[in-house]
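The structure under discussion appears below in the form of structure tokens.
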Amino acid sequence: MGKVIGPGSLIVDITGFAPHLPVAGETVKGSKIRFGPGGKGSNQMTAAHRAGAQAVIIGCRGEDVLGQILKDHYATEGMSEEYVAVLPEADTASALIEIDEGDAQNRIIVIFAANDMVKTEAVMAAEKDFIDSDAVLTQFETTTEAVLAAKKLAKKYNKPFILNPAPFVEVPNSLFDGVDYVTPNETEAEFYTGVKVDTIEDCRKAAEKFFALGVKNVVITLGVRGVFFTDGKEEIFVPALKVKAVETTGAGDAFNGGFATAIAEGYPVETALKFATCTAAISVTRLGSSPSMPYRGEILELLEKEFDIKL
């Protein structure tokens, strides 16, 4: 079992489903609403946990009704809350999600709330768990200083540092220097490199921009098309698996959690990409973000079926 650690967001998803997404000024009659655990950090660590890793998240939540949803989730999953600070004076973060029942596409508004309280001190307090970790995974739904602190500890203990630069926010270019794996989608890649990503050649150009910032390996997810990888010498493209999607909200998080798990277990990058692809493919066939994350047995079964890889 590999161990994955990192600071991440804890958010409760408030998801409404409707026949189509409303335009400005339009009211659409929805079919249902769901409250559930989410947030890129929590989603990714839940994905890693279910995929077989020991997942350790560093984060903050409020002492409120929404916070209880997260607490219940971790208790049910058997995940540690050792580094989840409960702040009575803060609101638990929330995401207002609209789902189009026709094509499963979504629109999301995120209120970061307690996630903005995840600072350097919170990450450094977990230093002992970085020592025996196998991969460090984080994103941009907490604070830049938390990401930098995680990168510092990853480098101190020679652990692979995986950065999912989502959602896109303004950060210093120096933050990317030394990142072992950066994992943007097309939109995020364009935001940070200025290269509009539509084709594989665009992926190469965006990757060159990331390399210039000091990134070692670039993974660009391309939605229903697949995923592109390059280290500047080797290129790998893994096509997406064809599944019937019902909700795509947590697909990227599933991919990152699965990828971090496989990297933590020491598998070659191509195997890790395919493991992550299977993780994401299963997740979009289910409702919810954290609840949609598949279990290891399911991932291994699909991995063998689609890629003839038996782990």
Please list, ordered by first then second residue, the pairs with beta carbon atoms under 6 Å, 6 or more apart or interchain, first in the range 276-292 and closer than 18 Å to Ile220 by Cα, second part of a helix (DSSP H, G or I) and not aliphatic (A, V, I, L, M). Ala276/Phe255; Ala276/Gly258; Ala276/Phe259; Thr279/Gly258; Ala280/Phe255
Of all the residues that make up the range 290-308, how many are under 30 Å from Ile69 (Cα atoms) and out of contact with any strand residue (DSSP E or B) (no Cβ under 8 Å at 6 or more places or on another chain)? 9
Residues in the range 77-100 that are in a strand (DSSP E or B) and more than 26 Å from Glu145 (Cβ to Cβ): how many? 5
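When you scan the range 58-76, do you find a residue that is part of a loop (DSSP other than H, G, I, E, B), among the β-branched types (Val, Ile, Thr) and modelled with pLDDT of 95 or more, even just one? First the steps, then the outcome.
Filtering the range 58-76 for residues part of a loop (DSSP other than H, G, I, E, B) gives 63-64.
When the remaining residues are screened for being among the β-branched types (Val, Ile, Thr), the result is none.
Looking for residues that are part of a loop (DSSP other than H, G, I, E, B), among the β-branched types (Val, Ile, Thr) and modelled with pLDDT of 95 or more, one finds none in the range 58-76, hence no.
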Total residues in the range 128-150, condition touching a strand residue (DSSP E or B) at 6+ places or on another chain (Cβ under 9 Å), in a helix (DSSP H, G or I) and either crowded, with 20+ Cβ neighbours inside 10 Å or free of Cβ contacts under 8 Å to residues at least 60 places away in the same chain (or both): 5
Right, Ile99: surrounded by fewer than 20 Cβ atoms within 10 Å (Cβ to Cβ), among the hydrophobic types (A, V, I, L, M, F, W, C), farther than 23 Å from Phe259 by Cα and in contact (Cβ under 8 Å) with a residue 60 or more places away in the chain or not? no
Using the structure shown, decide if Leu287 is surrounded by fewer than 22 Cβ atoms within 10 Å (Cβ to Cβ), touching a helix residue (DSSP H, G or I) at 6+ places or on another chain (Cβ under 9 Å), of a type outside the set (Gly, Ala, Ser) and not in a helix (DSSP H, G or I). no
Going by the conditions given, is Phe255 modelled with pLDDT of 95 or more, under 24 Å from Lys209 (Cα atoms) and either under 15 Å from the mean Cα position of the chain (by Cα) or surrounded by fewer than 24 Cβ atoms within 10 Å (Cβ to Cβ) (or both)? yes
For the range 272-284, which positions are touching a helix residue (DSSP H, G or I) at 6+ places or on another chain (Cβ under 6 Å) and assigned to a helix (DSSP H, G or I)? Ala272, Lys274, Phe275, Ala276, Cys278, Thr279, Ala280, Ile282, Ser283
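Please go through the range 273-302 and give me each residue that is of a type in the set (A, V, I, L, M) and more than 21 Å from Val246 (Cα to Cα), ordered by number. Can you show your working first?
In the first step, residues of the range 273-302 are kept if they are of a type in the set (A, V, I, L, M); the result is 273, 276, 280-282, 284, 287, 293, 299-300, 302.
Selection gives Leu273, Leu300.
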Scan Lys3, Lys32, Lys40 and give me the residue that is buried (at least 22 other Cβ atoms within 10 Å of the Cβ) and of a type in the set (Lys, Arg). Lys40
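The values are calculated or read from the model by the stated rules, or taken from the named source; none is laboratory data. For clarity, every value in this text was computed on a predicted model and none was experimentally measured. Heads up, the Cβs are rebuilt from the backbone with ideal geometry, glycines too, and the neighbour counts pull from every protein chain shown.
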